1. Among the residues of the stretch 108-142, which ones are touching a strand residue (DSSP E or B) at 6+ places or on another chain (Cβ under 8 Å), under 16 Å from residue 9 (Cα atoms) and part of a loop (DSSP other than H, G, I, E, B)?
């Protein structure tokens, strides 16, 4: 996280034409009002940012419960985003505010993502930061829809 934003570097591949490309992206700061853009809690989301998002109405608390062994809080879109509230649900750990589960319609096991946090180790950072592009793929500029 830099400048109160999350940054990520993605490697995409296309098996159709055996190509690959990279994409850099960043989020806006959680808890900072912006029209028509909802922000998702991430690994670096602070308690203050969640409070700011709740204060600005980006999210609202929809419930409390146990999720994957965590005391958890369910967050749904609120304020100007409330009309899209059924689009997804986030369950965050009640103490750390890290996401533990994301649910998407039709809200079944097949449309639920369970999140487990691993300790950050040098070996895991190296593995994560080292893309594995299949042999024989050629690097290209990202197609317009992926920029």
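1. Within the stretch 108-142, 131, 133, 140, 141, 142 qualify.
Table: residues versus (1) out of contact with any strand residue (DSSP E or B) (no Cβ under 6 Å at 6 or more places or on another chain); (2) modelled with pLDDT of 70 or more; (3) in a loop (DSSP other than H, G, I, E, B).
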| site | (1), (2), (3) |
| --- | --- |
| 12 | no, yes, no |
| 17 | yes, yes, yes |
| 20 | no, yes, no |
| 35 | yes, no, yes |
| 40 | yes, no, yes |
| 48 | yes, yes, no |
| 57 | yes, yes, yes |
| 72 | no, yes, no |
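The values are calculated or read from the model by the stated rules, or taken from the named source; none is laboratory data. The shown structure was predicted, so the numbers you read here are calculated from the model rather than taken from an experiment. FYI the Cβ positions are ideal-geometry reconstructions off the backbone, even for glycines, and counts take in every protein chain you see.
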